Structure formats: structure tokens, C-alpha cells
Amino acid sequence: MHVMPVVLIGLLLPGANTPTQASGAEKAPPPAAAPPPPPAETYTYQPDGRRDPFLSLLGSGTEARITSKSGEGPSGMSVADISVRGIMQSQGAMVAMIQGPDKKTYIVHKGDKLLDGTIKSISPLGLVVDQEVTDPLSLVKHREITKLLRSNEGGRQ
């Protein structure tokens with residue numbers, strides 16, 4: 001069995017004179033109040049022709065833009081988006097009046113391009129569109145879609 005010697009150095013017992021209590025009249029000053037924190041700095045970015053690196057790049061546009069891969073008018077509409085509103089004869093050829101999803105009416109001729117097809121023919125009953133099939137699993141790459149003038153769209157006759 002080992003006995004460890006314990007050495008106590010400078011043990012102060014309660015009530016014993018300490019150096020701060022020796023003078024009696026001198027007491028430690030109360031802790032001073034913490035200095036006020038410095039005012040918060042507001043940072044302003046000087047762009048000098050550069051973008052602000054602290055602004056998000058997502059959704060930073062001010063106006064919503066509709067991007068179409070082919071443009072406006074009939075060339076930006078798919079076959080499913082159009083409806084035939086009228087057929088006319090102009091300079092010996094048939095022309096069709098079509099209406100797009102924007103509720104505007106456009107005049108198209110045989111051979112005009114749509115987003116996913118070409119107008120193959122126009123007759124007094126309607127028009128025929130040669131639609132390009134974009135389904136990679138389909139064996140058929142083109143199909144004919146007939147759009148009639150007097151179709152029952154929206155329950156109207």
C-alpha cells in the first residue's frame with residue numbers, strides 16, 4: 001500500500017487576513033460597465049460595371065420573358081395549339097385563317113411552317129398539316145393531321 005504525501009501550500013482559512021483585507025479601508029472597485037458596442041457598419045457595393053456578388057443569380061430578372069425556340073406567329077405554334085377560323089381564296093390559291101393560343105388570327109398558305117409541321121394543303125373544308133413526330137420510340141416520323149373549319153370545338157356548332 002502506497003501513501004501519497006499531500007502538500008498544501010498557501011491554504012487560507014476563512015477569517016484569516018488576506019492581503020486585500022489587511023488594509024481594511026481599501027476595497028476592490030466594482031467592475032466597470034462594458035463599453036457600448038461599436039455601431040453596425042452598413043456595407044454598400046460599388047458595382048463599377050460589375051454585378052453584385054452578394055445577389056442571387058436565380059430569378060434576378062425584372063420582367064418575365066417567354067422564350068420560344070422558333071419565334072412568334074404561326075411558326076411558333078404547334079399543330080395542337082391552332083384552330084381553323086376561316087378559309088378564303090386569294091389570287092387563285094386557298095388561304096386559311098388560324099387562331100393560336102394567344103387568341104390572335106393569322107393567315108397561312110400552303111407550305112407555311114408551324115412549330116412541329118408544315119401546311120400540306122388547304123381545302124374549303126379545312127387544312128391538312130404534315131406533322132413531324134418527335135417521339136423517339138415511334139417508327140413513324142411524319143403524320144397527316146386534318147384541321148377542319150367546322151369542327152365542334154368547345155361545344156359550339
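When residues in the range 56-77 are screened for being modelled with pLDDT under 75, over 30 Å from VAL95 (Cα atoms) and not acidic (Asp, Glu), 6 of them pass. If you go through the range 89-107 and keep only what is without any contact (Cβ under 8 Å) to a residue 12 or more places away in the chain and in a strand (DSSP E or B), you end up with GLN89, SER90.
With respect to LYS110, determine if the residue is in contact (Cβ under 8 Å) with a residue 12 or more places away in the chain, part of a loop (DSSP other than H, G, I, E, B) and out of contact with any helix residue (DSSP H, G or I) (no Cβ under 7 Å at 6 or more places or on another chain). The answer is yes for LYS110.
Which one of these is outside any strand (DSSP E or B) and modelled with pLDDT of 90 or more: ALA34, ALA80? Selected residue: ALA80, the only one of ALA34, ALA80 that is outside any strand (DSSP E or B) and modelled with pLDDT of 90 or more.
Let's see how each residue does on (1) within 23 Å of GLU72 (Cα to Cα); (2) exposed (fewer than 12 other Cβ atoms within 10 Å of the Cβ):
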{"site": "ILE98", "(1), (2)": "yes, no"}
{"site": "LYS103", "(1), (2)": "yes, yes"}
{"site": "TYR106", "(1), (2)": "yes, no"}
{"site": "LEU115", "(1), (2)": "yes, no"}
{"site": "PRO124", "(1), (2)": "no, yes"}
{"site": "VAL128", "(1), (2)": "yes, no"}
{"site": "HIS142", "(1), (2)": "no, yes"}
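The values are calculated or read from the model by the stated rules, or taken from the named source; none is laboratory data. Predicted model only: the values in this text are computed from it and were never measured. In this analysis, Cβ positions are derived from the backbone assuming ideal geometry, glycine residues included, and neighbour counts consider all displayed protein chains.
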